[in-house]
Amino acid sequence: MKHPVRKVLFKVRYFVALAIFAGVITFVGDSCLINRISQQQDIARLKAEIENYNRKFNSDKQQLEALKNDVDAVKAVARERYYMKAEDEDIFIIEEDE
């Protein structure tokens, strides 16, 4: 009489090999599925950050061009950012308490 366990193992050997292969791919190595998912999330976050920096760069570039070519833009930046004033006016700064 043959061993019944051997007979069952012979029938499911491909399934066992496939399960071992899937386990190795999922959990072992530098390019495993878990690491790939983490890396894809990092890539998406970095692409969003790059897009944010590009928008900020373009905005600053436009403002720099305006400052180079327009005297009124220089006055506006001086008044808004540095609280400078003309000789015949007063500035009131209102700060809100949180």
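What to note about this one:
- PHE15-ALA48 pseudo-label distance in nm [points 7 Å out on the Cα-to-Cβ vector]: 4.2
- Residue range of the chain that is longest and free of trypsin sites (Lys or Arg not before Pro) which are both DSSP loop and sparsely packed (at most 15 other C-beta within 10 Å): 3-84
- Rounded to 10°, Cα long-axis angle of helix 71-82 versus longest principal axis of the chain: 70
- With 5 Å bins from 0: P(r) over the chain, alpha-carbon pairs, percent: 2, 9, 8, 8, 7, 8, 8, 6, 5, 5, 5, 5, 4, 4, 3, 3, 3, 2, 2, 1, 0, 0, 0
- Look at the dipole of region 4-82 built from charges on Cβ: of GLN62, ILE43, ALA78, the Cα furthest out on the positive end belongs to ILE43.
- Pairwise FRET efficiency - ASN35 versus ARG6, Cβ, R0 = 41 Å, nearest 0.05: 0.60
- Couplings 3J(HN,Hα) for region 54-64, derived from phi with the Karplus relation 6.51 cos²θ - 1.76 cosθ + 1.60 (θ = phi - 60°), are 5, 5, 5, 4, 5, 5, 5, 5, 5, 5, 5 Hz, where x marks Gly and Pro.
- For the chain, a crude dipole built from +1 on the beta carbon of Lys and Arg and -1 on the beta carbon of Asp and Glu, taken about the Cα centre, is about 2320 debye to the nearest 20.
- Helix 13-27 and the longest principal axis of the C-alpha atoms of the chain enclose an angle of approximately 20°.
We did not get these values from a lab; they are worked out from the coordinates using the rules stated. A quick note: this is a predicted structure, and the numbers were derived from the prediction, not measured. Please note: Cβ atoms are built from the backbone with ideal geometry, for glycine as well, and neighbour counts cover all protein chains shown.
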